[in-house]
Amino acid sequence: MRGASWLRSARHPALALVAGALHTASFSPSPAWWLQPLALAWLFWACAAARPRRAAVTGALFGTGWLASGLWWLYISMHDFGHLPVVVSAASVLLLALFLSLYYALAMGLAARVAGVDTAPGPSITPVGPIRRVLAFAGLWLGAELARATLFTGFPWIASGYAHAQGPLAALAPYVGVYGITAVAALIAAALAMRRWPLLIALVAAVGGAHWLPREFTHATGTLTVSLVQPNIPQDQKFDRARFEDNFDRLISLIDSARGQVVITPESVLPLPLAYLEDEQVQRLTRDARVRPLLLGTFLGNERDGFVNSLVGLGFDQSYDYGKRHLLPFGEFIPPGFHWFVRAMNIPMDDQGSGTHQRALPFAGQRLRPLICYEDLFGEDVVASALDHGDPAATVLVNASNLAWFGPRMVQDQHLQFSQMRALEFQRPIVRATNTGATAQVDHRGRVVARLPAEQAGVLEVTVEGRAGVTPYARWLSALGLWPLWGLVALLIVPAVLARRTARKAGRRPGDPRAA
């Protein structure tokens, strides 16, 4: 027992930090999905007999270890390209991780509180039974993940459900989506932590049974050949005016070599609006677009009215442009009070406007729905394009990104994993055109079919099978948003709350044998 007490103690923060880092290891680039519930089980176990304050500290340390190790690549954007000092860049990543970990600190503190852990001196005893505590831990973890995904515009990068894009729980994606998977994984972890073996066996059996449920909710709509351009322009040269001609020539050369029916470039491959190009440059682009249509990453707008990160269609039968709608904090819009910090990094186009529509682009029997960079983290923003709501539903999702800001390690694989989850949820293929990686094709079952090596210029030629139809997840998400999941949070917490209240009304303080 002394060993267990030592492991649980928040006086040994290294354990919580290491467990958080192991949680990060469950994601790409070397996905080991099974580490995710194991790391979470340790967290629940460490907090199970802790008083609320200690449980909150443990949750904060776990979250910090997880998010600092999973978001460390932000340091590259701030130091290598923003030219902030080493200490400032590292401290900024740590502070962001600490801020985001407050969700998990609150969740674990509330879990201990709801479980009724005694706050009086002496051994920590709870009047709430282990099954109710399993439900409470899982519910509050889900609540923390939903809060991080939605509050302050949301930042759900490496939300815990994404670790299962390639594991057994992936079969649940077209039914419950990434946050439903988060809830199931948390229940498994909490049952393991509380050693509720019958419940754990039932959960594992249910997951296994999900593989016998209907799995195909969409049907093929034909194929389309697509050329995905990866120019591999170093980020420190991308907005350099002296390098623009060379970079433009490289882009044109890659477009000329394309063989698909349509060519797709990364976001902001032209780091200025089309209207700012010289006539000869516009002519070169339109000449290529007459051979095969082009979705070009550029900007719309001007210095007076502001700029919008956009994909512009050239050579199509109809005029088309798509502006990014869900902007990245600090990189594309500046949160109140942080202008001084963003200005210190001298980020080009650092305060942008949002796009106004999410209509798909019809072409060659398919309908292409653009997503720019991290927009594909927000399934609730994408779902309208998976149903016929006024406009025909998309058959192919198109992600255009530029992750050169963050280096080639970890971030590219993480982002590709998010695309895999979106493909599973809506059973739509996703093609990705990026500056330095990961340029890839993901089929409607979430499998990476083709991928270019990172930091290598080239064109990935793929044949994409479009899909039409509606998954159960798309249907209820479109109708109700994320509210059913918030309802699940309440449903999982209520039994523990009622048990604690019943014990109090009976006049039994925590620890009284009659409260067991």
(request) Kindly list, by first and then second residue, each pair from a residue in the range 129-155 that is touching a residue at least 40 places away in the same chain (Cβ under 8 Å) to a residue that is of a type in the set (Phe, Trp, Tyr) and assigned to a helix (DSSP H, G or I), limited to pairs with Cβ atoms under 6 Å and residues at least 6 apart or on different chains. (result) Phe137/Phe44; Ala144/Tyr103; Ala144/Tyr104; Ala147/Tyr103; Arg148/Tyr103
(request) Could you grab me the full set of residues in the range 310-325 that are of a type in the set (S, T, N, Q) and either at pLDDT below 90 or more than 24 Å from Leu377 (Cβ to Cβ) (or both)? (result) Gln318, Ser319
(message) Based on this model, can you work out whether Leu35 counts as at pLDDT 90 or above, within 27 Å of the chain's Cα centre (by Cα), more than 24 Å from Val184 (Cβ to Cβ) and aliphatic (A, V, I, L, M)?
(response) no
(message) Tell me whether the range 214-234 contains one or more residues that are out of contact with any strand residue (DSSP E or B) (no Cβ under 6 Å at 6 or more places or on another chain) and among the aromatic types (Phe, Trp, Tyr).
(response) no
(request) Kindly indicate whether Val269 is at pLDDT 95 or above and assigned by TED's automatic domain parsing to the domain that holds Glu380. (result) no
(message) When the residues of the range 262-302 are narrowed to those that are of a type in the set (Val, Ile, Thr) and within 34 Å of the chain's Cα centre (by Cα), which ends up nearest to Pro362 (Cα to Cα)?
(response) Val262
(request) Of the conditions (1) under 12 Å from Val18 (Cα atoms); (2) surrounded by fewer than 22 Cβ atoms within 10 Å (Cβ to Cβ); (3) in contact (Cβ under 8 Å) with a residue 60 or more places away in the chain, Pro52 clears all except one; give me its number. (result) (1)
(request) Select from the range 381-400 the residues that are in contact with a strand residue (DSSP E or B) (Cβ under 8 Å, 6 or more places away or on another chain) and either modelled with pLDDT of 95 or more or of a type in the set (A, V, I, L, M) (or both) and list them in ascending order. (result) Val382, Ala393, Ala394, Thr395, Val396, Leu397, Val398, Asn399, Ala400
(message) Consider the range 159-175. How many of its residues are within 16 Å of the chain's Cα centre (by Cα) and either part of a helix (DSSP H, G or I) or crowded, with 23+ Cβ neighbours inside 10 Å (or both)?
(response) 8
(request) Determine the pairs where a residue that is within 17 Å of Lys238 (Cα to Cα), located within the range 270-291, has a partner that is assigned to a loop (DSSP other than H, G, I, E, B) with Cβ atoms under 6 Å apart, the partner being 6 or more residues away or on another chain. (result) Pro271/Phe239
(request) Please go through the range 443-492 and pick out each residue that is touching a residue at least 24 places away in the same chain (Cβ under 8 Å), surrounded by 15 or more Cβ atoms within 10 Å (Cβ to Cβ) and in a loop (DSSP other than H, G, I, E, B). (result) His444, Gly446, Leu452, Ala454, Glu455, Ala457, Val470, Thr471, Leu482
(message) Among the residues that make up the range 232-241, is at least one of them modelled with pLDDT of 95 or more, touching a Ser or Thr at 6+ places or on another chain (Cβ under 9 Å), closer than 30 Å to Gln456 by Cβ and among the β-branched types (Val, Ile, Thr)?
(response) no
(request) Assess whether Gly139 counts as being crowded, with 18+ Cβ neighbours inside 10 Å, at pLDDT 95 or above and at positive phi. (result) no
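Confirm whether Val229 is in the same structural domain as Ala163 (by TED's automatic domain parsing), touching a helix residue (DSSP H, G or I) at 6+ places or on another chain (Cβ under 6 Å), closer than 30 Å to Gly297 by Cβ and of a type outside the set (Ser, Thr, Tyr). Show your work before the answer.
Working: in the same structural domain as Ala163 (by TED's automatic domain parsing): no; touching a helix residue (DSSP H, G or I) at 6+ places or on another chain (Cβ under 6 Å): yes; closer than 30 Å to Gly297 by Cβ: yes; of a type outside the set (Ser, Thr, Tyr): yes.
In short, no.
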(message) Of the residues Ala159, Ala115, Ala144, Ala107, only one is modelled with pLDDT under 95 and in the same structural domain as Ala16 (by TED's automatic domain parsing); which?
(response) Ala115
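The values are calculated or read from the model by the stated rules, or taken from the named source; none is laboratory data. None of these values were measured; they are calculated from a predicted model. Glycine gets a Cβ as well: all are built from the backbone with ideal geometry, and neighbour counts include every protein chain shown.
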